[in-house]
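To keep things clear, I will list the structure first and then write my remarks on it.
The values are calculated or read from the model by the stated rules, or taken from the named source; none is laboratory data. Bear in mind that the values here come from a model prediction, so they are computed numbers and not experimental data. Positions of Cβ are generated from backbone atoms using ideal geometry, with glycine treated the same way; all protein chains shown enter the neighbour counts.
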Amino acid sequence: MDSSGQRILVVLEVGDAKARYMTAKKLAQLFPQRSFSEWKTKLDAGGPTVVMRSEDESEFDPFRRSIEMFGAETAIIDQKTIGGAKVY
C-alpha cells in the first residue's frame, strides 16, 4: 500500500480546560459527523487528536486557522504505512 503523500492535521495536547472546551466546540461545528462530547472526550484524554486527512495540504488551512484561534496548537504530519496498516 502506498500512502502517496497523504497528510494528517492533528490538534496537539491542549493544557487549558477553557481552550479545550472552545476547541471541541469549534471542531464540532467544523466536523459535524462527530458530536461535541466526542471531540471533548478526545481532547480531554490528552495527546494529539487527529482532525482530518488529505492528499492536499492546502485543504487544512481554513480549518487550521479556525482551530488555532482558541489557543490550540496544530501540526501537519505525514501518513506512514507500517505492516500494511496506516499509522501516524
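Say whether the condition of being at pLDDT below 90 and out of contact with any helix residue (DSSP H, G or I) (no Cβ under 8 Å at 6 or more places or on another chain) is met by at least one residue in segment 40-47.
yes
State all residues of segment 26-82 that are part of a loop (DSSP other than H, G, I, E, B) and farther than 11 Å from Leu12 by Cα; if no residue qualifies, say none.
Residues satisfying the conditions are Phe31, Pro32, Gln33, Arg34, Ser35, Glu55, Asp56, Met69, Phe70, Gln79.
Is it the case that Lys86 is surrounded by 12 or more Cβ atoms within 10 Å (Cβ to Cβ) and at pLDDT below 90?
yes
Which of the residues that make up segment 40-54 are among the hydrophobic types (A, V, I, L, M, F, W, C) and loosely packed, with under 12 Cβ neighbours inside 10 Å?
Ala45
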